[in-house]
Amino acid sequence: MKHRSWAEPFKIKMVELIKSTSREDREKAISEAGFNTFLLRSEDVYIDLLTDSGTSAMSDQQWAGLLRGDEAYAGSRNYYHLEDAIHKYYGYKYIVPTHQGRGAEHILSQIMIKPGDVVPGNMYFTTTRLHQEMAGGTFADIIIDEAHDPDNEFEFKGNVDLEKLDKLVKVHGTDKIPYVCIATNVNMAGGQPVSIANLKALRDYTNEKGIKVIHDMTRVAENAYFIQQKEEGYKDKSIAQIVREICDLTDGATMSAKKDALVNIGGFLAINDWDIFEEARNLVVVFEGLHTYGGLAGRDMEAMAIGIAESIDDNHISARIGQVEYLGEKMLSYGIPIVKPIGGHGVFVNARKFLPHLSQDEFPAQTLAAEIYIDSGVRTMERGIVSAGRKPDGTNYYPKLELVRFTIPRRVYTQAHMDVVSESVLSVYEKRESIKGLKMVYEPKYLRFFQARFERI
Ligand code: PM9
């Protein structure tokens, strides 16, 4: 026998029952939610692929860790466990815990960005860019062009285009560039990785110019898996070794531990520069809490320390991405247009191609996410024009990518759930021509995708 299957490296100890609903129930629920899947009640959802953020299943070791929470206001032993785990696996020198990723982004942006600065990054992320703008900076996209093309199958679509960066440096000067922000497993591009070769070239360039590199390491282990599988010279290295190599090529990091690090809440800012750390340690007490808890309970930091170690295990990560690939391959076999290559944390359906009769102003991805929910109770999210929001001058961004993200929580669903999801997408695909678009009837000022409301045209 040639083919040997793989299986999840865990067994299930506890289950949470989920509810199936009727199509009529779902029509009512999505209409009451203003056709925004963020406004649905989770009890009305059957399979929840809204996000992989804070939705993963913790291990028995992590749950046991919760009971070892040291809830002292200052100097909790769990803080020191977390610091040890970050030193050991990521190698950054100084850390400041935060309640989640955007807490770290806020502090970093306030410290490092001055009004008028330009912050280059490998594609925008919603909360990251907003914090940069609120600090007076402007985000500049330096990802390679391939990343904006869902059909381009280049293996490292998260890579930086060094010529784009050099152009920015020439136009603005290094004084206006506080750092380059590098996300691993680029979320908005469809979970696409950066290669070590590209990071090394970026490191050489930034060393020469004296520019810092800050790593959005939210999904670093997933990126490391793609390097192990696809980059020359890495197939015999462990995920732990590759993760460390990535971190060593950067000067600091923001982390939403709610993703790769397998916790329901938590994050941190890590930095190798003492002066920035000192300012961050000072600022965290204003916005998050004391520097040894940063808005978290002791138990949360303990679960995070354990989750970090579990997240860089080779068997864990190959099963995690194996499940994403399973769903992606199923959709491809049905002819569904998805972002290729299949990403690390989810499958991204190309709504432009799925609903070519809708203009971007009719919100194809928002519409498709609502239709999939109505079909089966599967909850996904829009990653297109609604997520992209408005520029500081008030006009809309029109991103090339108009996607619906099927984000898979870690260690939560089975292959059978993935079958149900792909069949629902197929059923919506078969009647795609009859689907009408949406109009926005309420738009909040910040991060509109979370709370905007829509009506059917
Ligand atoms: N990402 C996600 O679902 C949750 C909020 S947006 C729906 O993908 C990156 C790359 C992220 C991210 C959150 C954050 C912010 C920073 N960088 O949500 O504040 O994907 O912990 O992290 C979400 P927090």
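Data overview
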{"quantity": "Of all residues in the range 371-416 being small (G, A, S), surrounded by 24 or more Cβ atoms within 10 Å (Cβ to Cβ) and within 15 Å of the ligand (Cβ to nearest atom), the one that is nearest to H148 (Cα to Cα)", "calculated": "G384"}
{"quantity": "Residue count, the range 87-101 (criterion: within 16 Å of the ligand (Cβ to nearest atom), part of a helix (DSSP H, G or I) and of a type outside the set (G, A, S))", "calculated": "1"}
{"quantity": "Filtered residues of the range 332-349 (kept if surrounded by fewer than 24 Cβ atoms within 10 Å (Cβ to Cβ) and either in contact with a strand residue (DSSP E or B) (Cβ under 8 Å, 6 or more places away or on another chain) or assigned to a helix (DSSP H, G or I) (or both))", "calculated": "L332, S333, I336, P337, P341"}
{"quantity": "Sole residue being over 30 Å from E155 (Cα atoms) and surrounded by 19 or more Cβ atoms within 10 Å (Cβ to Cβ), chosen from G294, G289", "calculated": "G294"}
{"quantity": "Candidate set: the range 194-215, residues that are under 18 Å from the mean Cα position of the chain (by Cα) and within 16 Å of the ligand (Cβ to nearest atom); chosen: the one farthest from V347 (Cα to Cα)", "calculated": "I214"}
{"quantity": "Residue within the range 301-320 that is over 26 Å from Q241 (Cα atoms) and small (G, A, S) present", "calculated": "no"}
{"quantity": "Tabulated pairs, the range 446-457, first in a loop (DSSP other than H, G, I, E, B), second charged (D, E, K, R) and away from the ligand (no atom under 12 Å from the Cβ), C-beta under 9 angstrom, 6+ apart or interchain", "calculated": "Q451/E443; A452/E443; I457/E362; I457/K436; I457/K439"}
{"quantity": "Sole residue being among the hydroxyl-bearing types (S, T, Y), closer than 25 Å to G137 by Cα and over 20 Å from the mean Cα position of the chain (by Cα), chosen from T250, T218, T174", "calculated": "T174"}
{"quantity": "Condition check for G191: within 15 Å of the ligand (Cβ to nearest atom), on the phi > 0 side of the Ramachandran plot and crowded, with 22+ Cβ neighbours inside 10 Å", "calculated": "yes"}
{"quantity": "Residues being closer than 23 Å to R219 by Cα and β-branched (V, I, T) - total across the range 401-452", "calculated": "5"}
{"quantity": "Answer from A104, A64 - the residue that is in a helix (DSSP H, G or I) and in contact with a Phe, Trp or Tyr (Cβ under 8 Å, 6 or more places away or on another chain)", "calculated": "A104"}
{"quantity": "Pairs, first closer than 20 Å to I107 by Cα in the range 248-264, second of a type in the set (D, E, K, R) and surrounded by fewer than 24 Cβ atoms within 10 Å (Cβ to Cβ), C-beta under 8 Å, six or more apart", "calculated": "T250/R203; D251/K212; D251/D273; G252/K212; G252/D273; S256/R102"}
{"quantity": "Among the candidates L296, L368, residue that is within 16 Å of the ligand (Cβ to nearest atom), modelled with pLDDT of 95 or more and more than 21 Å from Q229 (Cα to Cα)", "calculated": "L296"}
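Residues are listed down the side, and each one gets a yes or a no for (1) of a type in the set (A, V, I, L, M); (2) in contact (Cβ under 8 Å) with a residue 12 or more places away in the chain:
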residue: I86; (1), (2): yes, yes
residue: Y90; (1), (2): no, yes
residue: L108; (1), (2): yes, yes
residue: M112; (1), (2): yes, yes
residue: M134; (1), (2): yes, yes
residue: F156; (1), (2): no, yes
residue: L162; (1), (2): yes, yes
residue: D175; (1), (2): no, no
residue: P178; (1), (2): no, yes
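The values are calculated or read from the model by the stated rules, or taken from the named source; none is laboratory data. Fair warning: this is a prediction, and the values are worked out from it, not measured in the lab. For neighbour counting, all protein chains shown are included, and Cβ atoms are generated from backbone atoms with ideal geometry for every residue, glycine included.
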